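The values are calculated or read from the model by the stated rules, or taken from the named source; none is laboratory data. Here the structure is a predicted model, which means the values were calculated and not measured. Cβ placement follows ideal geometry from the backbone for every residue including glycine, while neighbour counts extend to all protein chains displayed.
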């Protein structure tokens, strides 16, 4: 058995997962935004609730919107800013009286899809979240790749490759740089561009729906989006050469991505053929919490 927790900006979800990947128990509660102590307490209560049928010593895997700094042992790069600078894994382990492992939420998504999702038949999986932000995770031979700086897969804060003249210098990113991939490929980025083109305020998914229905302005927006996504993913393929790239997040539901991006990335990949597959996720918004549960291998889980 495994326990997984997904700490999001608006909700915290916990599951008890059987060895075959079946979810036996699940519960969600609102995230106590801005309150570190209440966040720790909420996770403890969730784990106690879903873990009633499990051993009291069963370890817990937790996905967070950030990562643990190898240098300090404290949380860094977290969108949930009240976690930054806190010894979150140690505080949780003490409060839960269980072993705890933390990983970035995009890493958990990638691990879930590599374990028993869209990437399960591939040795190297690059998992991508296209949502409010742009994240990524890398799984090689079933193991999550972290790296000495704990930033493996953070492709969203590289510059958009091969920028056109009108894409320079690019929008300002919250990280302090300009023209990051995230500033072009996130949901808010697509919505910003729609507004700038005079098509009014529309969500990213509404833009996709309009494009599929034949709206000319929306089709141009999606065409630009898929071109930028193709360039960004081509750079990943040139470095990592994954067997599959699995997309998650709200924008992963745009069907045009899967038809258009592989056609476009070939021009930017350093190879005469590109056999990397581009697939939608299998587990939807459960991928994060499932991946958190998979952080503990079978030999260490209960």
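Which of the residues spanning region 105-129 are out of contact with any strand residue (DSSP E or B) (no Cβ under 6 Å at 6 or more places or on another chain) and under 24 Å from residue 78 (Cα atoms)? The answer is 112, and nothing else.
Let's see how each residue does on (1) part of a loop (DSSP other than H, G, I, E, B); (2) modelled with pLDDT of 95 or more:
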site	(1), (2)
102	no, yes
118	yes, yes
125	no, yes
149	yes, no
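Among the residues of region 36-73, those identified as touching a helix residue (DSSP H, G or I) at 6+ places or on another chain (Cβ under 8 Å) and more than 15 Å from residue 108 (Cβ to Cβ) are 36, 39, 40, 41, 44, 47, 73. Kindly indicate whether residue 129 is assigned by TED's automatic domain parsing to the domain that holds residue 186, within 15 Å of residue 279 (Cβ to Cβ) and crowded, with 24+ Cβ neighbours inside 10 Å. Taking the combined requirement at face value, the residue satisfies it.
When residue 242 is tested against the conditions (1) in contact with a strand residue (DSSP E or B) (Cβ under 6 Å, 6 or more places away or on another chain); (2) under 17 Å from residue 135 (Cβ atoms); (3) not in a loop (DSSP other than H, G, I, E, B), the lone failure is (3). Filtered by the rule that a residue be farther than 24 Å from residue 284 by Cβ and under 19 Å from the mean Cα position of the chain (by Cα), region 216-229 gives a lone residue, 228. Going by the structure shown, is residue 91 assigned to a helix (DSSP H, G or I) and either more than 21 Å from residue 12 (Cβ to Cβ) or in the same structural domain as residue 22 (by TED's automatic domain parsing) (or both)? In short, yes.
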